Structure formats: structure tokens, C-alpha cells
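**Student:** Here it is, the structure, as C-alpha cells.
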Amino acid sequence: MKRLLTLSSLLFVMTMIMSCGSEQKALTENPLLDEWTTEFGVPPFDQIRTEHYEPAFEAAMLEHNAEIDAIVNSEEEPTFESVIVALDNAGIKLSEICLIFGMISSSDLDAEMQEVQQRMMPLIEEHFNTIMLNDALFAKVKAVYDKRATLGLDDVQMRLVEKTYNDFVRSGALLEGADKERLMQINAELADLSIRFGNNLLAENGSFCLELTDSQVADLPSGVRTQAQEAAASMGKTGYVFTLDKPSMLPFLTYSTDRDLRRELYDGYLMRCNNDNEYDNKQLAEDMARLRVEKAHLLGYDSYSHYVIADQMAGTPEAVYALLDEIFEPALESAKRELEEMQRLFEKDHPGETFEKSDWWFYAEKVRKQKYQLDEEAVRQYLSLDNVRDGMFYLANRLYGITFRPITAPRYHKECTVYQVLDHDQSHIGVLYIDPYPRKSKSGGAWCGNFTEQRYVDGKRKAPVVGIVCNFTPPVGDTPSLLSFDEAETMFHEFGHALHFLFADVRYRGLTEVEGDFVELPSQIMENWAFEPEIMQKYATHHSTGEVIPDNLIRKIQNAALFNQGFTTTELAAAALIDMDIHSLTSYTDMNIVDFETYNLATRRGLIPEIAPRYRYTYFAHIFNGGYSSGYYFYLWAEVLDKDAFAAFKESRDICDRELATSFRYNLLSQGGQRPGMEMYRTFRGADPDKSAMLKARGLWSEPEEQIEEAVVEEFVAPTRFQPGTRPVHDISRTAKTVRPQADVE
Ligand SMILES: [Zn+2]
């Protein structure tokens with residue numbers, strides 16, 4: 001999941017603020033505005049050109065405004081149909097164009113597209129803000145909301161009324177006079193600070209690099225050297241360059257034997273925007289924290305976390321802290337044990353010296369090789385992209401009976417492959433695009449999104465068009481694309497998002513979204529199957545010999561599953577905790593945000609100096625320049641759900657149990673946000689989610705070996721209770737659902 005809010009992803013967000021509209025449109029020469037005649041309703045990518053976007057946006061905004069005016073000016077008594085449904089149907093064209101533009105600008109951005117982005121984004125943002133602050137429109141919505149109990153609405157309709165009303169209220173519609181003015185001021189200031197925060201980070205990120213010579217990289221694997229050489233060449237330099245981007249930095253920290261260079265690089269990373277220069281982010285982050293407290297108070301909440309989380313499954317910051325605290329302590333203990341193991345090796349190499357943060361990756365790798373004898377390169381030979389794709393299609397077929405048929409359809413790039421998705425009865429579910437390889441015009445990471453969303457037209461389900469976009473290892477010469485573990489897992493992850501979109505069967509557009517802390521359940525659960533022996537034996541065959549992956553290799557993979565989990569979990573939970581700490585302030589007094597971080601992590605929670613949180617405030621773009629403020633915990637929350645849900649399959653003794661899968665599909669995946677996430681989950685599982693499966697998967701479960709059997713039984717008697725979520729209506733960035741960057745993931 002998960003990445004920073006870019007211009008294009010903001011467009012996604014914009015489309016979610018309000019929903020959408022009318023079917024009639026003027027005849028034009030613009031394929032974005034014309035009625036599409038393509039098979040399965042695929043966007044006519046072969047006809048869409050960059051110059052079509054701007055006029056299409058403008059026409060679609062005008063159309064949306066006309067639809068809003070019609071609702072506002074209607075003399076009719078406000079009803080569910082004339083206000084709520086009409087609003088839900090307003091702006092469909094605009095929404096459609098935003099989706100396509102968002103997807104294309106993330107995966108195929110050229111200078112021209114970038115210009116359109118820069119021109120149009122502020123206009124579109126203003127367009128939606130104006131609608132959310134339209135008092136006359138809100139009065140109509142409120143009139144329906146106030147009498148909702150008397151309207152004979154069913155549960156889904158009731159939820160749509162409440163969600164629509166809450167979206168307005170959360171945007172400040174109930175405020176008046178000076179308060180409303182102040183909220184608008186705060187929003188504008190926050191938007192400005194956020195952009196400046198992001199720009200500083202970009203500048204600071206780009207201003208540091210390690211330029212090395214042949215002899216300084218001699219100890220690195222050849223792939224890492226080649227990558228560094230290419231990085232140097234792309235900057236017009238000779239030799240080798242390592243940057244602060246994780247795909248560049250982490251291999252260096254893992255393999256370089258030069259301690260000083262490792263320290264130099266990692267220190268550069270940790271100190272970003274904390275160098276007291278023009279790009280320093282301390283003051284900006286402090287200002288944002290202060291403004292967010294004020295915003296929360298204006299809207300009637302104790303803290304910004306209360307405001308954000310009221311709309312999530314977790315419901316309250318207390319429930320989030322309960323989960324994070326439960327994870328953090330055992331994770332830290334486990335990390336300390338990992339450190340002890342590494343320290344023995346470290347002392348041999350550097351007697352009398354102190355182990356530092358920047359030594360962790362290098363010694364962890366040494367332990368991994370010694371203890372688990374797992375060679376990732378050997379596994380890669382069995383993970384060709386085609387194999388992994390066939391493996392996930394096979395899994396989806398086992399679980400849901402669906403099939404994937406390659407088709408010829410308009411494409412936005414020649415590297416895309418396109419599939420029609422057919423249900424078990426051969427009926428059409430949707431279309432899936434897969435765009436696997438990196439290119440200059442593509443953002444980093446991996447994500448999944450809709451080109452067109454599922455919706456209902458005249459009572460009939462209109463199937464969605466979905467895209468998976470990745471940056472996987474490309475084929476070289478005769479060798480096909482061979483994926484790493486992480487890449488194979490990412491493929492299954494994104495495929496999980498795709499299934500969530502493809503199975504969607506939601507009556508109203510305003511109810512397609514799920515809570516932010518639910519978003520990663522459909523994706524993360526798929527990762528559980530990726531390396532199950534039963535599934536691997538079906539897809540992991542050697543790319544040149546066709547030999548099925550040997551059992552001993554699968555065993556090694558499984559044995560190494562808990563490797564370094566203490567560290568990974570600690571740095572992840574630490575980042576989630578500092579996000580909560582800064583946003584749970586109920587009043588703001590002047591502070592130094594770096595001291596605040598140190599106090600909360602090291603002094604109060606005992607984080608050891610050998611581990612830094614995955615993000616520190618001055619470069620925590622997820623929370624200061626993205627959609628994740630008070631939301632970095634989402635991944636861990638969803639992980640409790642995905643591990644517990646997968647445990648249901650394990651308990652059934654058939655990891656592809658069709659009955660369970662059917663329940664998962666119809667009770668969760670196809671529902672969108674028509675019901676609260678926790679309610680959907682309980683319907684599937686028959687109980688509240690139990691944290692123990694997740695703690696076990698991260699090696700944090702403390703039952704002694706011989707008592708495990710007993711403990712498993714006990715889980716069912718006394719499941720760990722979650723705080724039930726309050727009504728989930730949310731304004732979390734769609735990026736959460738659609739975007740999962742490789743390096744910045746989680
Ligand atoms: Zn994801």
C-alpha cells in the first residue's frame with residue numbers, strides 16, 4: 001500500500017469526494033466525451049491523446065455543475081431519489097476522466113501530461129471544494145437526512161444517506177461564519193504546507209548521492225553494480241552512484257563491506273530535511289500538527305486522530321494504540337534477540353566497536369545466509385512473470401471458479417496484456433490490464449486501480465476495467481522476466497486489489513469505498529497463498545528446464561519466513577506510533593518535533609539506538625504530504641484481518657475451500673462499502689478478528705512450542721476483541737487502495 005499523494009493520485013481523491021452523473025452529452029470529436037463503442041466498455045486508449053484531457057475535464061465539470069444546479073434549483077420536496085440518488089449520479093463523466101487520467105499519468109507520464117496535470121489539478125480541486133461548501137445543496141441533503149427514518153429506506157439506502165450527509169459535515173458544512181472561514185483558511189494553509197513539505201523532501205532526496213569507484217563496489221553483487229552504473233550514467237556521471245531511494249540504498253547497506261560508506265549513506269537518509277537549511281521540514285511539520293489540532297477542534301473532535309479514525313474500522317485512537325502497543329513490545333524484544341545474533345558476527349569483524357543502525361542490513365544478510373542457506377537467485381529461476389501470473393490465475397480459479405481469457409483490446413502501452421474475466425458460469429465480470437515492467441514514464445512501485453468503475457446503469461451491472469501496474473525485473477535477451485520473492489508477493493498483492501475491484505457489485509457509486517484500515521485486507525490476504533507449497537508446486541517451474549520447484553527449496557523459503565521480522569515489525573510499528581503520537585495531541589504547545597520523536601520512541605517506549613522508525617517526521621511524506629495522517633497503522637490493522645481470515649482457510653484443512661471463498665467474495669469483496677467493514681468481517685468469520693494469527697506470522701507469539709495446539713483451540717473460545725468501528729464513511733485517499741509502492745510500501 002501504499003504511497004505518497006501525487007498530483008495524479010489527488011485526482012483519484014477528488015473523484016471520491018463526490019460522486020457522479022449524467023448520460024447525455026454533446027456530440028464531440030473527443031473520445032473521452034464520446035460514447036465508447038469498444039468491446040466490454042474498455043476506454044478507447046488507441047484514440048485518446050493528451051490534448052483531449054483538458055477540454056474533456058472542462059466539459060465534464062460544466063456538466064457536473066449543471067447537474068448540481070438542477071438538484072439545488074428543484075422546487076420539488078427533497079427526497080432520497082431527487083437529492084441523494086441524483087447527487088450520486090452527478091458527475092459520472094468527470095469521475096471517469098479523472099480515473100483514466102490518474103491511471104495513465106502514473107504509468108505513462110510525459111512532459112505534456114505533466115503540464116495538463118499542473119494546470120488542471122487546482123481547478124478540479126476547487127471544483128469539488130465548491131460543491132462541498134455549497135450551502136443550498138447541503139440544505140437539501142440535510143432535509144433528506146433529517147427525515148431518513150420515515151422514508152422506508154433499506155439498509156444500503158440508509159447508509160448512502162448517512163455517508164453523503166457525513167461527507168458534508170466532515171468537510172465543515174455545519175460550521176458558520178468565522179468558524180467556516182477559519183476552516184477554509186486552515187485547509188488552504190495545510191494544502192500549501194503539504195506541498196512545500198513534499199518539495200523540500202524531493203530536493204533533499206535528490207541532493208545527496210554516493211559516487212563510487214570500481215574498487216569501492218567490487219564487493220557488491222553484479223546486479224547491484226550494474227544498477228548503480230546505470231544510475232550514474234543517467235546523471236551524466238561515470239562510475240557508480242547510490243542514492244537515498246530505497247531500491248538503491250538498501251542493496252548497498254546489505255552488501256557493502258565498507259562500514260564508513262554504509263554509515264554515510266544511511267545518515268544521509270535519516271537526516272533528510274533535518275539539516276537546518278532551506279529544505280528543513282521541522283517547522284512545516286510542527287505547523288501542520290498545530291493546524292490539524294485546531295481543525296479537529298473546529299469539527300468537534302478532541303484530536304486529529306479522533307477526527308480521522310472516527311471514520312475507520314478502528315473507530316478510536318485508543319483501539320489503534322491498543323493494537324500498536326501489543327505489537328511493538330514483543331517486536332522490540334524479538335529485534336533485540338536478532339541483534340544479539342548479529343553482534344556475535346559484528347564483534348569478529350570490528351572488535352571493540354559499537355554496532356550502529358547502518359550495520360543492520362549487512363549483518364542480517366550474513367545471518368540469513370548462515371542460518372537459512374536460502375539463495376534468492378536460485379528461487380528466482382522458478383518465478384518467471386508468466387509462471388507467477390498463471391499461478392495467481394490458477395489460485396483465483398480454485399477459490400472462485402473464475403477464468404482469465406487473453407483478449408485483444410485497445411491499450412495505452414504495448415507492454416500491457418489484457419484479459420477478460422469470466423465468472424464460473426461464463427458470465428462477464430470485467431477486464432484486467434497487466435502492465436508489468438518499469439519505464440521512464442512510469443512512477444515507481446506497484447499499484448492497482450480502476451480505469452472504469454463498476455456501477456449500475458438502468459438496473460444493470462456495468463462491469464469494471466481494472467489495471468495492475470508494476471515495475472518488475474524486465475526480461476533480458478532470451479531470459480524471461482524472473483521475479484524476486486518480493487516481486488512475486490507484490491504481484492499476488494496487487495491481484496488481490498484487482499479481485500476486489502472486479503467482484504464489486506455495489507448499487508450506489510457513493511458506497512464503493514471501504515474504510516482505509518480495511519483496504520489492504522483483500523490484497524494482503526492473497527500474499528498468504530503465494531508461497532504455500534500446494535500453490536507453488538502448481539506454478540513455480542524452472543523457466544528453462546520446466547522442473548517443478550524442489551521441496552527442499554520450498555522448505556527453506558518457509559523456514560526463512562520469520563527472518564528479521566523483529567526488526568521489520570519494530571520499525572513499521574514505530575512509524576505508525578509516531579504518526580499517532582503527533583496527531584493525537586489534544587492541544588498544541590510549541591515543540592521541537594525531533595525531540596518529540598526521540599522522547600516518544602526512545603525514552604518512553606525504549607526503542608534501541610540500533611533501529612530507526614521506518615520514517616522519521618522530517619521525511620514522513622505519508623502523513624505530511626499524503627493521505628495517511630493517523631493512517632499509517634492501516635497496514636497492521638488490515639494484517640490482523642488478513643492473517644485471521646487466512647487462518648479460516650487453514651482451519652478448514654483446504655486452503656482453497658470453495659465454500660469459504662464464496663463467503664469471502666459475497667460477504668466482503670463484492671460489497672464495496674455498503675456495510676461497515678467490521679460487520680462484513682464478522683459475517684465471514686463468524687467472530688471478531690483474532691490477533692494471534694498475525695502475531696504468529698510475525699514471530700511475536702509467545703506460547704511455548706508444546707502448548708501451541710492448546711492455544712489454537714483456546715483462540716476460538718476467547719478471541720481477542722477489537723473495538724468495533726464506528727460508522728465508516730471516509731475521506732481517505734484512494735491511493736490507499738490503488739497504490740502500493742515497492743520501496744515505500746507500508
Ligand atoms: Zn495494497
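Laboratory data are not the source of any read-out in this text; all were calculated from the coordinates shown. Remember, it's a predicted structure, so these values are computed and weren't measured experimentally. Here Cβ is always computed from backbone atoms with ideal geometry, including for glycine, and neighbour counts include all displayed protein chains.
**Student:** Could you sort 557-563, 632-638 so that the peptide with the highest average Cβ count within 10 Å comes first and the rest follow in order?
**Tutor:** 632-638, 557-563
**Student:** Moving to a separate point now. How large is ³J(HN,Hα) for each residue in the stretch 498-510, as worked out from phi by the Karplus curve 6.51 cos²θ - 1.76 cosθ + 1.60 (θ = phi - 60°), to whole Hz, x for Gly and Pro?
**Tutor:** Couplings: 4, 4, 4, 5, 5, 7, 3, 9, 10, 6, 10, 4, x Hz.
**Student:** Send over the Kirkwood Rh of the stretch 382-550, from the inverse of the averaged 1/r over different Cα pairs, rounded to one decimal Å.
**Tutor:** 16.8
**Student:** Turning to a different aspect of this structure: What is the antiparallel percent of DSSP beta bridges lying wholly in the chain, to the nearest 5?
**Tutor:** Counting only bridges with both partners in the chain, antiparallel ones make up about 85 percent.
**Student:** Amide H to amide H, which residues 5 or more places from residue 451 or on other chains are under 5 Å from it, using H placed in the peptide plane?
**Tutor:** Hits under the 5 Å cutoff: 465, 466, 467.
**Student:** Now for a different question. I'd like the Karplus ³J(HN,Hα) series for the stretch 354-368: coefficients 6.51, -1.76, 1.60, θ = phi - 60°, whole numbers in Hz, and an x wherever there's a Gly or Pro.
**Tutor:** Result, ordered by residue: 9, 5, 10, 3, 6, 8, 4, 5, 5, 7, 4, 5, 4, 4, 4 Hz.
**Student:** Let me ask something else. At what distance in nm do the modelled label points of residue 653 and residue 215 sit from each other, each positioned 7 Å from its Cα along Cα→Cβ?
**Tutor:** So the label points at residue 653 and residue 215 sit 6.5 nm apart.
**Student:** Hey, another quick one. Arranged from highest to lowest average of other beta-carbon atoms within 10 Å per residue, in what order do the peptides 457-465, 38-46 appear?
**Tutor:** 38-46, 457-465
**Student:** In percent, what relative contact order does the stretch 299-373 have, based on Cα pairs under 8 Å that are 6 or more apart in sequence?
**Tutor:** 16
**Student:** May I pose another question? Can you give the charge dipole size of the stretch 208-270 about its Cα centre, rounded to the nearest 20 debye, using +1 on the beta carbon of Lys and Arg and -1 on the beta carbon of Asp and Glu?
**Tutor:** Dipole about the Cα centre, nearest 20: 120 debye.
**Student:** Going by average Cβ neighbours within 10 Å, how do the peptides 387-397, 130-140, 473-483 rank, with the highest at the top?
**Tutor:** Peptide ranking by packing, descending: 387-397, 130-140, 473-483.
**Student:** I would also like to ask the following. Under the definition of Cα pairs under 8 Å and six or more residues apart, what whole-number percent is the relative contact order of the stretch 567-655?
**Tutor:** In percent, rounded to a whole number, it is 38.
**Student:** Convex hull over the Cα atoms of the stretch 155-310, averaged projected area in nm²? Write out the running numbers ahead of the final one.
**Tutor:** Values: hull surface 56.6 nm².
So the Cα hull casts an average projection of 14.2 nm².
**Student:** Something else: Considering the options 648, 677, 324, tell which one lies farthest towards the positive end of the dipole of the chain, charges being +1 on Lys and Arg and -1 on Asp and Glu at the Cβ, about the Cα centre.
**Tutor:** 648
**Student:** Just to confirm my numbers, what's the Cα centroid distance between the stretch 235-249 and the stretch 494-541 in Å?
**Tutor:** Comparing the Cα centres of the stretch 235-249 and the stretch 494-541, I get a distance of 34 Å.
**Student:** What does the convex hull of the Cα atoms come to per residue for the chain, in Å³? Intermediate results must be reported in sequence, preceding the final value.
**Tutor:** Details: hull volume 125.5 nm³, N = 746.
Expressed per residue, the convex hull around the Cα atoms of the chain is 168 Å³.
**Student:** So what are the stretch 7-175's ellipsoid semi-axes, whole angstrom, largest first, if each one is the square root of 5 times an eigenvalue of the alpha-carbon gyration tensor?
**Tutor:** For the stretch 7-175, the ellipsoid semi-axes come out as 31, 17, 14 Å.
**Student:** Given an 8 Å cut-off on Cα distances and at least 6 residues of separation, report the relative contact order of the chain as a percent.
**Tutor:** Computed value for the chain: 20 percent relative contact order.
**Student:** Report the Cα centroid-to-centroid distance between the stretch 173-200 and the stretch 270-310 in angstrom, as an integer.
**Tutor:** Using only Cα atoms to place each centre, the spacing works out to 12 Å.
**Student:** Using +1 at the Cβ of each Lys and Arg and -1 at the Cβ of each Asp and Glu in the stretch 188-309, identify which of 269, 195, 304 lies farthest towards the dipole's positive end.
**Tutor:** Projecting each Cα onto the dipole axis, the largest value belongs to 304.
**Student:** Now, a different point. As an exercise, take the mean of 1/r over every pair of distinct alpha carbons in the stretch 91-221, invert it, and state the Kirkwood radius in angstroms.
**Tutor:** 19.4
**Student:** Using only helices, what value at 222 nm comes out for the chain when you add -39,500 (n - 2.57) per DSSP H run of length 4 or more and divide by the total residues, to the nearest 500 deg cm²/dmol?
**Tutor:** Helix-only estimate at 222 nm: -16500 deg cm²/dmol.
**Student:** Find how many whole Å separate the alpha carbon centroid of the stretch 121-148 from the alpha carbon centroid of the stretch 387-407.
**Tutor:** Here the answer is 43 Å between Cα centres.
**Student:** Counting each pair of different Cα atoms once, what's the Kirkwood radius of the stretch 208-270 in Å, rounded to one decimal?
**Tutor:** The Cα-based Kirkwood calculation yields 11.3 Å.
**Student:** Provide the per-residue ³J(HN,Hα) series for the stretch 199-215, in order, calculated from phi with Karplus coefficients 6.51, -1.76, 1.60 and θ = phi - 60°, each as a whole number of Hz, with x at glycine and proline positions.
**Tutor:** These are the phi-based 3J(HN,Hα) values: 5, 4, 5, 4, 5, 5, 4, x, 8, 10, 7, 9, 9, 10, 9, 3, 5 Hz.
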